[in-house]
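A quick write-up on the structure given underneath.
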Amino acid sequence: MTVLRSVAGLGLVGALGGVLVAALAVPVVGGGGIATRNAANVLLDLPPAPREEPLAQVTRLLDKDGRTFAQFYEANRTTVPLAKVAPVMRRAIVAIEDARFYEHGGLDVRGTLRALLTNTQAGAVRQGGSSLTQQLVKNILVESARTDAERDRARAPSLGRKITELRLAMALEKKYRKDEILERYLNIAYFGAGAYGVEAAARRFFSTSASRLTLTQAATLAGAVRMPFSTDPSLGRDHRARLLQRRDLVLDRMAGLNWISKQQAATAKSAPLSIKLRSEPGGCEQSEFPFYCLYVHRELLSNPVFGNTEAERRNRMSRGGLTIRTSLDPIAQRAADRAIREYVHRDDTEVAAEAMVEPRTGRIKAMAASKGFGRNPGNRKNGPKTTFNLVADVAHGGGQGFQAGSTFKVYTLATALKQGWRFGDGFMTPGSLVPSQGYRNCDGRAVNDPNARILNAGGEGEGGPHSLETGTWKSVNIFYMMLERKVGLCNVVRTAKALGVKRADGKPLQEVPTFTLGINEMDPVTVAASFATFAARGMYCRPLAIVEIIGRDGRRTRVPPACERVIERPVADAVNRVLEGVFDKGTMTGQGIGRPAAGKTGTNNGYTSAWFAGYTPTLAAAVSVGDIRGSYRFPLRGVTIGGRYYGSVQGASLPGPIWVRSMRNALRGTEARGFPGPNLARFEGGHTPGLEEALAREEARNGERGGRRRHGDRAFGRRYRGLIQWLTSEGLLPPSYGPPDRELRREPSREPYGEAHRVDWDGGW
């Protein structure tokens, strides 16, 4: 009893349990016999081997080139077969934890008694009392525990728990070969510093793999297993000193067993620890591309394809050891990141966001925002970070979005072309418009607003003739509201829905007269995917971030594009032809990307937000800009963004240049392709009364103004023409030529749709 009290005082519960079990068994079979497998089987009515849950492993997100850019885990673990663990690591762990592992049958009586005596004499834990198989059982019980109470029972320092552990260890020895037990132990054990399993430990401690561990590294990891918290090298100098002592103990033990020479042990002990801690970030906040990571994270949690319930999907993601290949293109992603950083700073309250989508597949190539992802210092509301995914909708971690403005005019344009309108078809527009009749939503209910009086052209009250082309290039709001009425509000809504348009907040689209002016709040991913439909000649593809999922068993599940033809090819080709003119005849004049492109600006009333959405045949992108504190309370007027002062922010003055810069770099090195030409027999021609005369008068006025300007500024122009052209092409100045976004003002009136419905500068309420 004196010896037992000493053991209890040292906390050697494992050794005590082993001795008691041995003592109980001695009268039955005799001392030495209990160590054998057959004697144990005769003596004990063994229970089934412990239930083993799949070990929690790291789920990794890969970009299209196979590089990891984010990971999720409940436990930082990557399981590996024993063949991929360096032999010296196998010997080191067996030497210090259970030197007779390959000789006994689950309980090593000789080793347990020796450990009891050694530890009692030393007054400290120098050798373990439990067999390696018993330790594996304990880890399995902890890993499989579903509640804290079950985990506490699995760790309880009681004789009953040790006896249960021993019986399960013997059952495990019947189920598995020795190498299988060792493999399971090396993968389940905790080594400290957040590393579970030998592969994660090798990466975390030494930035290497388990297969390439050296003698000193293997001895270090083997020494860490016994006391992983007190020897955690990430916690400071004292912890590393204890780890060094444990490493040297392992080396001495290996030399004592003649598994290495004394000279090898001495050489290894003279070496420093040489810890090279490798960061193993988890979650999106620590990802290089956090907004793309967040989108994938939310897709995994919300999409029933990945599990029947959210709890099942969350468990699979955090424990499943999945490898998820995404469509993220690092070239496009960095192009978007750099373009946004160049124009908008992280500390600005104004935020910019951009999504890039591949036509014909819907694969999301990039998701960038001007702020970092995460909480601000002191949990401040405003700062360099945000917890919202500014690029996505609410379902993918985003906020309410910004009204999309005149980008919505493309849906009315497509509807008109589908109904047989030609490029030159148009009509005379008045100086003001009251949407008092002719507007019905898709329920057939009249949604007119007889109290609203809308004025065009900066409130001057001037109207004029416009065709599909000129009305689009100049982004004329009254023209588009009249066109929407002619083709049918519901038809326009149906076109938009077919192209994947839905509100960022998940609520139903607001089907009101100013639908074509972009009153609905949108997110860049949705808008980019919608515009990609025109680049794909009428094929809409649902935005797709996940390309393939590889399970822990190596089974591959491809995630194919979900595409559907929603617009005829000829109609899409005709839309492309009109939107190409935005770059050389419209609101983006002077801001090209050096290859064929099409797009549309959008600037909301009072400059509450601004957009640009555009595309080439191979890539579509949408950029939004607004104030994160609230777009109506903090309009984009008289603001300094990214160190530049803006009297007002328009679609062509900030979102447009961001789009130009990012697309130019994203497409660098790729073939410049043009759009297929439209069916001229179907779409060319048409007539707008008075348009030719109006264009002639405008050209004459521009010529007169240009002549006076050229005469007065001839010397200045000669000297600075090159600089001005470069600044304009780089987006550092607003366009020098072509009409600005058209402003739409309205007289004060009662608004039946609520305060959120407001008229925009070149489209949108």
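The values are calculated or read from the model by the stated rules, or taken from the named source; none is laboratory data. Every value quoted in this text rests on a predicted model; they were computed, and no experiment measured them. A quick note on method: Cβ atoms are made from the backbone with ideal geometry, for glycine too, and the neighbour counts reach across all protein chains shown. SASA here: full protein model, heavy atoms, side chains in, ligands and nucleic acids out. Shrake-Rupley method; radii C 1.70, N 1.55, O 1.52, S 1.80 Å.
In nanometres, what is the gap between the two model label sites at M428 and R555, each 7 Å from Cα along Cα-to-Cβ?
Inter-label distance under the simple model: 7.1 nm.
Counting only C-alpha contacts under 8 Å and six or more residues apart, can you give the relative contact order of region 312-368 as a whole percent?
Numbers: 47 pairs, mean separation 20.8, N = 57.
The value is 36 percent.
Might you report the magnitude of the Cβ-based charge dipole of region 570-658 about its Cα centre, with Lys and Arg at +1 and Asp and Glu at -1, to the nearest 20 debye? Please list the in-between numbers first.
On the way: 8 positive and 4 negative charges, 51 e Å.
For this selection, approximately 240 debye.
Please give the charge dipole size of region 448-594, origin at the Cα centre, charges +1 on K and R Cβ atoms and -1 on D and E Cβ atoms. Round to the nearest 20 debye. Walk me through the intermediate numbers first.
Numbers: 19 positive and 16 negative charges, 137 e Å.
With Lys and Arg at +1 and Asp and Glu at -1, about 660 debye.
May I ask you to order 427-433, 151-157, 402-408, 624-630 by the average number of other C-beta atoms within 10 Å around their residues, highest value first?
Numbers: 427-433: 17.7, 151-157: 14.1, 402-408: 31.6, 624-630: 22.3.
The packing order, highest mean first, is 402-408, 624-630, 427-433, 151-157.
So what is the relative contact order for region 488-588, in percent, with contacts set as C-alpha pairs under 8 Å and at least six apart?
Values: 102 pairs, mean separation 22.7, N = 101.
The normalised contact order for region 488-588 reaches 22 percent.
What is the distance, in nm, between label points placed 7 Å from the Cα along the Cα-to-Cβ direction at D347 and at A271?
Once both label points are built, they end up 4.7 nm from each other.
How much length is gained if the chain between S230 and A681 is pulled fully straight, taking 0.36 nm per residue apart and subtracting their Cα-Cα distance, in nm to one decimal?
Details: separation 451, 0.36 × 451 = 162.36 nm, distance 8.09 nm.
Working it through step by step, the gained length comes to 154.3 nm.
Kindly identify region 487-552 as rounded, prolate or oblate by the Cα gyration tensor criterion: order the square roots of the eigenvalues as a ≥ b ≥ c, call it rounded if a/c is under 1.5, otherwise compare a/b with b/c, prolate if a/b is larger, else oblate.
On the way: a/c = 2.94, a/b = 1.84, b/c = 1.60.
In terms of gyration-tensor shape, prolate.
Per residue of region 324-341, what does 6.51 cos²θ - 1.76 cosθ + 1.60 with θ = phi - 60° give for ³J(HN,Hα)? Whole Hz please, x for Gly and Pro, Karplus curve as stated.
10, 7, 10, 9, 4, 9, x, 5, 5, 4, 5, 5, 5, 4, 5, 4, 5, 4
Quick one: with all protein chains in place, what share of the accessible area of region 140-189 is carbon or sulfur, to the nearest percent (1.4 Å probe)? Each step should come with its number before you reach the end.
Values: 1180 of 2410 Å².
Solvent-exposed carbon and sulfur of region 140-189 make up 49 percent of the total.
Would you work out which of G518, A574, A545 lies farthest towards the positive end of the dipole of region 518-598, given +1 charges on the beta-carbon of Lys and Arg and -1 on that of Asp and Glu, about the Cα centre?
A545
Considering amide H positions built from the backbone, and no H for Pro or chain starts, which residues 5 or more places from V547, or on another chain, come under 5 Å of its amide H?
Residues meeting the amide H criterion: R325, T326, S327.
Subtract the Cα-Cα distance of S209 and Y632 from 0.36 nm times their separation in residues, and report this length gain in nm to one decimal. Show your work: numbers first, answer last.
Values: separation 423, 0.36 × 423 = 152.28 nm, distance 5.42 nm.
Full extension from S209 to Y632 adds 146.9 nm.
Could you list, in their original order, any pairs among K365/K600; K84/K371; K474/K497; K84/K262; K409/K507; K175/K262 whose Cα atoms are separated by more than 30 Å?
On the way: K365/K600 20 Å; K84/K371 42 Å; K474/K497 25 Å; K84/K262 27 Å; K409/K507 21 Å; K175/K262 37 Å.
Where the Cα-Cα span goes over 30 Å, the pairs concerned are K84/K371; K175/K262.
What distance in nm separates the simple spin-label points at R697 and S302, each placed 7 Å from Cα in the Cβ direction?
For R697 paired with S302, the spin-label model returns 5.1 nm.
Which order do the peptides 545-558, 324-337 take when ranked by the mean count of other beta-carbon atoms within 10 Å per residue, highest first?
On the way: 545-558: 14.2, 324-337: 23.3.
Averaged packing, sorted descending, gives the order 324-337, 545-558.
Go through region 560-576 residue by residue and turn each phi into a ³J(HN,Hα) via Karplus (6.51, -1.76, 1.60, θ = phi - 60°); whole Hz please, and just put x for glycine and proline.
Listing the rounded values in order: x, x, 10, 10, 8, 6, 10, 9, 4, 3, x, 5, 4, 4, 5, 4, 4 Hz.
Just order 74-85, 272-283 by mean Cβ neighbour count inside 10 Å, highest at the front, would you?
Details: 74-85: 18.5, 272-283: 13.7.
Those peptides, ordered most packed to least, come out 74-85, 272-283.
With a 1.4 Å probe and every protein chain kept in, tell me what percent of the accessible surface of region 505-599 is carbon plus sulfur. Provide the component values of the computation, followed by the final result.
Details: 1550 of 3190 Å².
The C+S portion of the solvent-accessible surface of region 505-599 is 49 percent.
Could you list which residues have their amide H under 5 Å from that of T386, counting only those 5 or more apart in sequence or on another chain, with H placed in the peptide plane?
G372, F373, G374
Name the long-range amide H neighbours of F427: under 5 Å, sequence gap of 5 or more, or other chain; modelled H, no Pro or chain starts.
Under 5 Å from the amide H of F427: H466.
Apply the a/c threshold of 1.5 to the C-alpha gyration tensor of region 172-264 and tell me whether it is rounded, prolate or oblate. Please report the intermediate quantities before stating the final value.
Working: a/c = 1.74, a/b = 1.17, b/c = 1.49.
Here region 172-264 falls in the oblate category.
Tell me the per residue accessible area of region 227-345 using a 1.4 Å probe; a whole number in Å² is fine. Write down the numbers at each step before the final one.
Working: 5890 Å² over 119 residues.
Result: 50 Å² per residue.
Could you derive backbone 3J(HN,Hα) for region 148-155 from the dihedral phi with the Karplus parameters 6.51, -1.76 and 1.60 (θ = phi - 60°), listing whole Hz in sequence and x where the residue is Gly or Pro?
After applying 6.51 cos²θ - 1.76 cosθ + 1.60, I find 5, 5, 5, 5, 5, 5, 5, 9 Hz.
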